[in-house]
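The values are calculated or read from the model by the stated rules, or taken from the named source; none is laboratory data. Treat the numbers as computed from the prediction; the structure is a model and nothing was measured. Cβ placement follows ideal geometry from the backbone for every residue including glycine, while neighbour counts extend to all protein chains displayed. Accessible surface areas use protein heavy atoms only, side chains included; no ligands, DNA or RNA. Shrake-Rupley method; radii C 1.70, N 1.55, O 1.52, S 1.80 Å.
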Amino acid sequence: MDTFSCDVLVVGGGGAGLRAAIAVAETYPNLSVTVISKVYPMRSHTVSAEGGAAAVIKSGDSLDEHAYDTISGGDWMCDQDAVEAFVREAPDEMLQLEHWGCPWSREPDGHIAVRPFGGMKNQRTWFAADKTGFHMLHTLFQTSLKYDGIRRHDECFVTKLLMDDGRCQGLVAIEQATGKIQAITAKAVILCTGGCGKIFPFTTNASIKNGDGMALAYRAGAALKDMEFVQYHPTGLPFTGILITEATRAEGGWLLNKDGYRYLQDYDLGTPQPKPVLRSMELGPRDRLSQAFMKEQEKGRTIKGPYGDYVHLDIRHLGAQVIDTKLPFVRELCLKYAGLDPVKEMIPVRPVVHYMMGGIHTDIHGATPMPGLYAAGEAACVSINGANRLGSNSLTELLVFGARSGKAAAAFASGQRAPNPSVLAQAQDEQRRLEGHFLHKTGGTERIATLRVAMQDIMEQSAGIYRDASALRQAVTKLGQLQERFHNLALDDHSYTFNTELTSALELSYMLDLAQVIIASALQRQESRGSHQRNDYPGRDDGKFLAHSVAYRAQDGSPRIEYLPVKITRWPPGQRVYGR
């Protein structure tokens, strides 16, 4: 077993992880920082974000308006102290990224360009054409290279957090190239591992988005918060699930049903008017747009396709110049993956799982209640996203709370003694578990793909855009059965070098745990709020459920759900509104 040590250990090499590592190096240059990632950092899922990142920069906008849009869009499940900190620090983080070299798109006069985004009153979404995440991640990665105190362990898969006396003191990982077990001790650990969209069959998320960090924290005793809130993005390509960015609608795209009708004008998207104006209705909140699609499907007004029902996204009227200047990646994706040119043809789209509003329970500094354990990005739940994240807040969240968690973890680590060497015994136990339960095991009959497909079908049928108690209760039983079947898993690859079958099995175990948490949290929340819509409880119930669900892992492995109050500072719960 290889052993290493550092002061601060960051798990995940995407936007939040790299920003956290840079924050440690900036504020406490004497501390050593290790970034461990199961992929090369530039392959982290941040790279795929397209539309933009929100921050107040233009006259006529204000921090209060950004905060209110975020809180209202989140259906009042956001912790308002966290939102206020977020909108206050967002502009500085975005300007800092520009100074590091991020090539933001510009107005003709040289000023930063911004575009409108769903659920926001004002134009405040910065963008770099439609490859914003790509350019942000490049900028962060290049910036991280200038700090000698940051070292990396690329393509290493984390399997366990090392805990001693309730404090996180490191982790165990598999070096994928060799199969060697690594034990890395640290004074503080920051989990920045992203979401878990692959629990569902149809998602914009990459194959690496299995909720690793969430499951690791959950198994170590940390709480998962608001996991019932799963965001569907209204425009994914059928079959692949590839995202067609909200920027298409920000630039003026239309959503049309099978009759060529802009159907969103028939739905309440959260505006005070009985019908939203045609100019802005495609920029309603994502949850409302996805729900409208389902209603169109019920009315028989969607289009039947080989991969399910869909509607059309029409951007032809924007013209080739606008598309090639502001949406070049959309055109590239459509040409490569749908065999059509959006300059001349309409794009087939349908709702697709996109983002987890829930995650590891943290405070506004990224700290969990477990000393030494922090989290940021989609893996964490601060919570600024509440029951429905507004588009373009997530990329800025990576920066703001990546930086906050890095500074907080560094401050904590600077006052700690070296980790207790006894935690290495846990690493040896973990090595025996991996070998005994997976690599050296024989006689199993269950297959990874079979169990994974079964899990995804359960989640799609029971925890989709609309839910009810009967389906959720059935899902509890079925997922319990899958957990039992997982113990009889069979692996064909017993080698150590690049054993992707082993990592797939471990990812499946993470996803099964998280699927149970999502279902249990959704079953207990007997109301409809944001992305959580119950057919049997169609109204929002602030009296009982203006509270965060908090899931702990019980001794038998099942979730135990408790509740924490939502932090209200200045904006009491009210009607959801957007637009002018």
Exercise. Report, in debye and to the nearest 20, how large the dipole of the range 483-568 comes out about its Cα centre when Lys and Arg carry +1 and Asp and Glu carry -1 on their Cβ.
Key: 560
Quiz item: What full-extension length gain, to one decimal in nm, is calculated for residue 98 and residue 490 as 0.36 nm per residue of separation minus the Cα-Cα distance?
Solution: 136.2 nm
Exercise. May I ask you to evaluate 6.51 cos²θ - 1.76 cosθ + 1.60, the Karplus curve with θ = phi - 60°, for each residue of the range 34-49 and list the ³J(HN,Hα) values in order in whole Hz, giving x for glycine and proline?
Key: 10, 10, 10, 9, 7, 10, 4, x, 6, 9, 5, 5, 3, 4, 8, 5
Quiz prompt | Nearest-0.05 FRET efficiency for residue 477 and residue 207, computed from C-beta distance (R0 35 Å) | solution = 0.80
Quiz item: Efficiency by 1/(1 + (r/R0)^6): what FRET value for residue 542 and residue 497, r their Cβ-Cβ distance, R0 = 41 Å, to the nearest 0.05?
Solution: 0.15
Quiz item: For residue 417 and residue 552, what is the calculated FRET efficiency with R₀ set at 22 Å and r taken between the beta-carbons, to the nearest 0.05?
Solution: 0.15
Exercise. Would you mind computing Rg(Cα) / (2.2 N^0.38 Å) for the range 432-580, counting N as its residues?
Key: 1.32
Exercise. Run the quick spin-label model on residue 259 and residue 26: label points 7 Å from Cα toward the beta carbon, then report their separation in nm to one decimal.
Key: 5.4
Self-check item: Beta bridges per DSSP with both ends in the chain, % antiparallel, nearest 5
Solution: 65
Quiz item: With point charges of +1 on the Cβ of Lys and Arg and -1 on the Cβ of Asp and Glu, referenced to the Cα centre of the range 248-369, which listed residue (353, 303, 269) lies farthest in the positive direction of the dipole?
Solution: 303
Quiz item: Quick one: accessible area per residue over the chain, 1.4 Å probe, rounded to a whole number of Å²?
Solution: 36
Practice problem: Measure off, as a whole percent, the carbon and sulfur share of the 1.4 Å-probe accessible area of the chain, all protein chains present. | Solution: 50
Quiz prompt | For the range 367-502, the spread of Cα positions along each principal axis, largest first, Å | solution = 49, 47, 26
Quiz item: About its Cα centre, what dipole magnitude does the range 325-414 give when the only charges are +1 on Lys and Arg Cβ and -1 on Asp and Glu Cβ, stated in debye to the nearest 20?
Solution: 160
Exercise. Express the Stokes-Einstein translational diffusion coefficient of the range 50-121 in µm² s⁻¹, to the nearest whole number, given a Kirkwood radius over alpha-carbon pairs, 20 °C and a viscosity of 1.002 mPa s.
Key: 162
Exercise. Pull up the cross-link candidates among the lysines for residue 567, meaning alpha carbon to alpha carbon under 26 Å and not fewer than 8 places away within one chain.
Key: 121, 225, 407, 544
Quiz item: Dividing the alpha-carbon radius of gyration of the range 311-367 by 2.2 N^0.38 Å (N being the number of residues), what value is obtained?
Solution: 1.68
Exercise. Among the lysines, select those whose C-alpha is under 28 Å from the C-alpha of residue 180, and discard any that sit fewer than 8 residues away in the same chain.
Key: 38, 160, 198, 209, 441
Quiz item: Alpha carbon centre of the range 531-545 versus the range 27-62: separation in Å?
Solution: 34
Quiz item: With each run of n ≥ 4 DSSP H residues scored as -39500 (n - 2.57), what mean residue ellipticity at 222 nm is computed for the chain after dividing by its residue count and rounding to the nearest 500 deg cm²/dmol?
Solution: -10500 deg cm²/dmol
Practice problem: Consider a paramagnetic label point 7 Å from the Cα of residue 337 along Cα→Cβ; state which residues of the range 239-265 have an amide N under 20 Å from it. | Solution: 239-251, 253-256
Exercise. Assign unit charges at the C-beta atoms only (+1 for Lys and Arg, -1 for Asp and Glu), then state the dipole size of the chain relative to its Cα centre in Debye, rounded to the nearest 20.
Key: 540
Quiz prompt | Mean Cα-pair separation over length for the chain, i.e. relative contact order, pairs under 8 Å, 6 or more apart, % | solution = 23
Quiz item: If you plug each phi of the range 92-102 into the Karplus form 6.51 cos²θ - 1.76 cosθ + 1.60 with θ = phi - 60°, what whole-Hz ³J(HN,Hα) values come out, in order, with x for Gly and Pro?
Solution: 5, 5, 5, 5, 4, 5, 5, 5, 7, x, 5
Quiz item: For the range 188-264 and the range 71-92, what is the separation of their C-alpha centers, rounded to whole Å?
Solution: 20
Quiz item: At what distance in nm do the modelled label points of residue 88 and residue 299 sit from each other, each positioned 7 Å from its Cα along Cα→Cβ?
Solution: 4.5
Quiz item: According to the square roots a ≥ b ≥ c of the eigenvalues of the Cα gyration tensor, what is the shape class of the range 463-503, taking rounded for a/c under 1.5, prolate for a/b larger than b/c otherwise, and oblate for the remainder?
Solution: oblate
Practice problem: Sort the range 189-346 into rounded, prolate or oblate with this rule: let a ≥ b ≥ c be the square roots of the eigenvalues of the Cα gyration tensor; rounded if a/c is under 1.5, and if a/c is not under 1.5, prolate when a/b is larger than b/c, oblate otherwise. | Solution: prolate
Self-check item: the range 149-172 and the range 331-409: distance between their alpha carbon centers, rounded to Å
Solution: 23
Self-check item: Percentage relative contact order, the range 14-125, counting C-alpha pairs under 8 Å, at least six apart
Solution: 24
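Using a/c under 1.5 as the rounded threshold, could you call the range 375-446 rounded, prolate or oblate? The axes a ≥ b ≥ c are square roots of the C-alpha gyration tensor eigenvalues, and prolate needs a/b larger than b/c, oblate otherwise.
oblate
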Exercise. Starting from the Cα of residue 470, step 7 Å along the direction of its Cβ; do the same at residue 64; then give the gap between the two resulting points in nm.
Key: 4.9
Practice problem: Express as a percent, rounded to the nearest 5, the fraction of DSSP beta bridges in the range 1-157 (both residues included) that run antiparallel. | Solution: 35
Exercise. Report the GluC sites (Glu not before Pro) located in the range 44-123 that are in a DSSP loop and have at most 16 other Cβ atoms inside 10 Å of their Cβ, or state none.
Key: none
Quiz item: Which lysines have a Cα less than 16 Å from the Cα of residue 326, not counting those fewer than 8 places away in the same chain?
Solution: 131
Exercise. Return the sequence-ordered ³J(HN,Hα) values of the range 328-335 in whole Hz as given by the Karplus equation 6.51 cos²θ - 1.76 cosθ + 1.60 applied to θ = phi - 60°, using x for Gly and Pro.
Key: x, 5, 4, 5, 4, 4, 5, 5
Quiz item: If you average the sequence gap of Cα pairs under 8 Å that are 6 or more apart and divide by the length of the range 1-58, what percent do you get for the contact order?
Solution: 38
